[in-house]
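**Student:** Encoded as structure tokens, here's the structure I'll be asking about.
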Amino acid sequence: MLLEYSDITGQVVQIYKNGFMHALIWCVFFDILTGLLKSFKTGETSSTVSLFGIAKHALVVLLMFVLNVYLPLFGFALYAQGFTLWMIITYAISLTENWGHLGLPLPDVVRSSLIKLKKSTENKIHIDANVMKIEGNNEETEKRVTDIENTLNNSTSQQLKNKGEE
């Protein structure tokens, strides 16, 4: 099949009328914005990570643009729309994760179903020399604290025995 210039330009014009492409571009924009806000909040702002992220987003938009121009010309318009919808859903998940990391309100059902948010909101135990800080309050946390205390006591006892033998 030989593609003519008018076919390609016609598809480019159709992209500007494509609601999925508009939604994708807005999702990408808000994902970048919430990602930057999250990095400022966590104090992990990095120009390298930012540049990599923006390049990744630009490549996604370019890929979706190319797919939405060429796939319909070969009779695969449904696949182009499907890929675009899949990317919108992916960006919506990323936006939701960023929203949760910013500490903004999010339903518990959503928070518990997203792996990244689960990991960041799990009970955490921090040990610093003689100070132990516990976040969260449940039986699992208490068991972990007990296990850690026993491990510390055993290792301290072992170290004292080893020093006495020297």
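**Student:** Show me, for the stretch 31-37, the HN-Hα J-couplings you get by feeding each phi into the Karplus relation (A = 6.51, B = -1.76, C = 1.60, θ = phi - 60°), rounded to Hz, glycine and proline as x.
**Tutor:** Running phi through 6.51 cos²θ - 1.76 cosθ + 1.60 with θ = phi - 60° gives 5, 4, 4, 5, x, 5, 4 Hz.
**Student:** What net charge do the residues around Met87 carry, taking every other residue with its C-beta under 15 Å from that of Met87, with Lys and Arg at +1 and Asp and Glu at -1?
**Tutor:** Within the 15 Å Cβ shell, the charges total 0.
**Student:** Mind checking the full-extension length gain between Leu62 and Ile89? Use 0.36 nm per residue of separation minus the Cα-Cα distance, one decimal, nm.
**Tutor:** 8.0 nm is the gain from fully extending Leu62 to Ile89.
**Student:** What spacing in nm lies between the two simple spin-label points modelled at Ser50 and Val109, each 7 Å away from Cα in the Cβ direction?
**Tutor:** Using points 7 Å along Cα→Cβ, the separation is 3.8 nm.
**Student:** For the stretch 1-125, what is the accessible area per residue in Å², given a 1.4 Å probe and the full set of protein chains?
**Tutor:** Roughly 67 Å² per residue, with all protein chains present.
The values are calculated or read from the model by the stated rules, or taken from the named source; none is laboratory data. Since we're looking at a predicted model, the values are computed, not measured. Neighbour counts are summed over all protein chains in view; Cβ atoms, including those assigned to glycine, are modelled from backbone coordinates with ideal geometry. These area figures cover heavy atoms from the full protein model, side chains too; ligands, DNA and RNA do not enter into them. Shrake-Rupley method; radii C 1.70, N 1.55, O 1.52, S 1.80 Å.
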